[in-house]
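The values are calculated or read from the model by the stated rules, or taken from the named source; none is laboratory data. This structure is a prediction, so every number in the text was calculated from the model and none was measured. Neighbour counts are summed over all protein chains in view; Cβ atoms, including those assigned to glycine, are modelled from backbone coordinates with ideal geometry. Accessible surface is based on the protein model in full, side chains and every heavy atom, while ligands, DNA and RNA are left aside. Shrake-Rupley method; radii C 1.70, N 1.55, O 1.52, S 1.80 Å.
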Amino acid sequence: MAEINPFESLQEQIDDAAAYLDVAPDVIDRLKRPERTLSATLSVEMDGGDVEQFPAYRVQFNGDRGPYKGGIRYHPNVSEDEVTALAGWMVYKCAVVDIPYGGAKGGIAFDPREYSASEVERITRAFATELRPIIGEDRDIPAPDVNTGQREMNWIKDTYETLERTTEPGAVTGKAPSSGGSAGRVEATGRSTMLTAREAFDYLGRGIEDATVAVQGYGNAGSVAAELLDDVEATVVAVSDSQGGIYDADGLDTSAVKAHKRETGSVVGYPDAGRELSNEDLLTLDVDLLVPAALENAVDADIARDVQADVIVEAANGPLTPDADDVLTERDVYVFPDILANAGGVTVSYFEWVQNRQRFAWTEQRVNDELERIVTDAFDRLVDAYEAHDVPNVRTAAYVVAIERVADAADDRGVWP
Ligand code: GLU
């Protein structure tokens, strides 16, 4: 597959939407580039006494609507361009669900599975030390992303608070509940994917309960989306991870598959599957709904030509290349974009931040109810824009709504000095 630079994909998505908007070209230009980038090399002592170097980035893409917000990923493919694209997607994601944040992203280029827990802790604390001057509950608020979770967020919070000599739990979200994390945060990304899928099928005059589903990626977003789609009576027939996929025409027991993955590290080898299949087979299965929940660029134009699902709901960030998007639009496949369908994570991060600032914890029911309201309202706003602007697809409608909100905030602020 040709290397697609996700930062160029982001810029193309903005240009596509700008064509439908009356926003000055200099404003659009600004919205296509990050405000600032921290690029660091972390020197960290390994368990054996050697010192290793790790490239690390934090990109603050745009802060017109509020403090910068976005996760931190640990992955060998992390690069400045990837983190920049992901930071930009955060800006537009927060704008789509209308929460008062700008967008940021961070990453460290390494594979955490090859390091011990104490090494990962030292790497995380080294990064947190670099981040300390630029983060904070009113500046920039990190969160989990690929291969990071509560454990890493707790370390970042502790490093930040220790160095700052304060308590400021709202400086980081996605923490464990015992460290100020929110109920419902772990499930939130997958929950927004399920809610988007449910609304999408309803919008198209079909019922989610009659849908067959394939989920690519069985990490935090994909596994929870699969379980919640199962709960609303959809039939999840195939799931996969980086090792491969499994298929059962009668539907998989999504929770049992998750338990198998927790035990063995992969969905592959799950004993009750009908058969195994490759990731590419999964993406082109004859299902009603495809949920890409892994990494960027999972579906390129070639795969897009063979996709048989008629609805795609993106749980991952940037899983379709721009060329794939064009092919799917032409083939009348409905794509409900990442900046809506996985926005539950950052939305419940927002709730966590609100709770931290108020020093008052909400119940899980309240979290889930507020999340449902925000995602369904955003969905309605996007389909209104899709119909009103005569745009080619729902993604472009999402960018139209989001760019308008960011551009309005930029305009209100003006340029200073
Ligand atoms: N990493 C998640 C995302 O891509 C969550 C970000 C957050 O909670 O700030 O949306």
Solvent-accessible heavy-atom area per residue, rounded to whole Å², over region 208-272 at 1.4 Å: 40 Å²
Alpha-carbon centroids, region 30-93 and region 319-385: separation in whole Å: 22 Å
Protein accessible area in the chain, 1.4 Å probe - carbon and sulfur %: 42 percent
Within region 314-369, GluC sites (Glu not before Pro) in DSSP loop having at most 12 other beta-carbon neighbours inside 10 Å: none
Förster radius 30 Å - calculated FRET efficiency between D138 and A24, Cβ distance, rounded to 0.05: 0.55
Phi-based couplings in Hz for region 353-366 (Karplus 6.51, -1.76, 1.60; Gly and Pro marked x): 5, 4, 5, 4, 5, 8, 6, 8, 8, 8, 6, 4, 4, 5
Solvent-accessible surface ranking, highest first, for R366, R395, R113 at 1.4 angstrom: R113, R366, R395
Region 284-289 - phi-based ³J(HN,Hα) in whole Hz, Karplus 6.51/-1.76/1.60, Gly and Pro as x: 10, 5, 7, 10, 7, 10
Positive minus negative residues near L340 (Lys, Arg vs Asp, Glu; Cβ under 10 Å): 0
Other-chain or far-sequence residues with amide H under 5 Å of A211's (modelled H): T235
Net charge, I72 excluded, C-beta distance under 12 Å - Lys, Arg +1, Asp, Glu -1: 0
Region 178-252 and region 104-171: distance between their alpha carbon centers, rounded to Å: 28 Å
Over region 71-139: Rg over Rh, Cα atoms, Kirkwood Rh: 1.03
V232 paired with R366, simple spin-label distance in nm, labels 7 Å along Cα-to-beta-carbon: 2.5 nm
Local electrostatic count at P144 - Lys and Arg +1, Asp and Glu -1, tallied over other residues with Cβ under 14 Å: +3
Size of charge dipole - region 363-417 - debye, nearest 20, with Cβ of Lys, Arg +1 and Asp, Glu -1, no other charges: 220 debye
Cα-centred dipole magnitude for region 40-127, charges only on beta-carbon of K, R (+1) and D, E (-1), debye, nearest 20: 520 debye
Gaussian network model of the chain, Cα within-10 Å springs - most flexible of V383, V91, V172: V383
Using θ = phi - 60° and Karplus 6.51 cos²θ - 1.76 cosθ + 1.60, couplings along region 260-276 (whole Hz; Gly, Pro as x): 4, 5, 4, 6, 10, x, 8, 6, 5, x, 4, x, 9, 7, x, 7, 9
Accessible area in square angstrom per residue, region 2-61, 1.4 angstrom probe: 54 Å²
Residue-averaged 222 nm ellipticity for the chain, from DSSP H runs of 4+ at -39500 (n - 2.57), nearest 500: -14500 deg cm²/dmol
Where only alpha carbons of the chain are counted, the Rg and the Dmax (Å): 20.4, 65
Inter-label distance, nm, simple model (7 Å from Cα along the C-beta direction), L204/D253: 3.0 nm
Protection-proxy order for peptides 48-54, 268-274, each taking the mean of Cβ atoms within 10 Å per residue, highest first: 268-274, 48-54
Other-chain or far-sequence residues with amide H under 5 Å of V287's (modelled H): Q308, A309
